[in-house]
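So the structure is just underneath, and the comments pick up after that.
The values are calculated or read from the model by the stated rules, or taken from the named source; none is laboratory data. This structure is a prediction, so every number in the text was calculated from the model and none was measured. Methodologically, a virtual Cβ is constructed for each residue, glycine included, from the backbone with ideal geometry; neighbour enumeration extends over all protein chains shown.
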């Protein structure tokens, strides 16, 4: 179980560490209130700071309204977790902050900054809440692991494939515009996929791996023609309009390597099952907090049409 939790938090750390807290900042109270969360007022400047931290080099004006709505939902959910952690008396000590800085050398310079230190403390507090509350009853039996491996037996097969990034949108006009940005403009394909794609892999900056024959024929034909680094033309399918960038061709291993690779893939499936069960437990805990919360979105102050999922009470 400890290994599974470690896997989950290793994957989620990137998301957590960029979380901008709702603590006081200059100009906060001059900024309009865009939502109320139980007794807490959420100001637009707080959310925009969080949004900017997630976008990197992409300007706020370029972020689609649907993406802004999703990110507002994510921001409000994290505030709910922080408030509940505080209610339960959870906190992060100076020793834990120092240990995290030691374990993550890239954070050392940031910890010297008070704002960055507060941000890190909140990220660690979310992690602690997940570990001590949401995941405390999660158990994965050997029988469940074996059943999951048998269910995914086809994924143990060593076949050639592709490592690609994908952008998927619903209109030809938007697809053509984004294609121009990633081929002729300065935009990074991964950043555009993360912020503009509506495919399930958008949170992974569009990155997915596929075995040969796994993609629908119309998409497979387009990817098969690419060389590493190439970007496909816009391709239409039943799911929308796609743009692919081939990162790497995956070749089968030599026979002598296949047994060790089989063991590696079994271990990966085990970790995948544990991570999924952890995520299910976290989603269940978030649902509980959301149902119990009083949430109000102030549309007139947002600056964009809200299409998220938290307008429930």
Region 201-213: number of residues that are in contact with a strand residue (DSSP E or B) (Cβ under 7 Å, 6 or more places away or on another chain) and either exposed (fewer than 13 other Cβ atoms within 10 Å of the Cβ) or farther than 17 Å from residue 170 by Cβ (or both):
7
Can you go through 218, 192, 231 and tell me which one is over 17 Å from residue 160 (Cβ atoms) and surrounded by 17 or more Cβ atoms within 10 Å (Cβ to Cβ)?
192
Test residue 274 against the stated conditions and say whether it is farther than 28 Å from residue 39 by Cα, out of contact with any strand residue (DSSP E or B) (no Cβ under 6 Å at 6 or more places or on another chain) and surrounded by 15 or more Cβ atoms within 10 Å (Cβ to Cβ).
yes
Looking for something more than 30 Å from residue 87 (Cα to Cα), outside the structural domain of residue 221 (by TED's automatic domain parsing), at pLDDT 90 or above and surrounded by fewer than 16 Cβ atoms within 10 Å (Cβ to Cβ) - is there at least one such residue anywhere in region 147-169?
yes
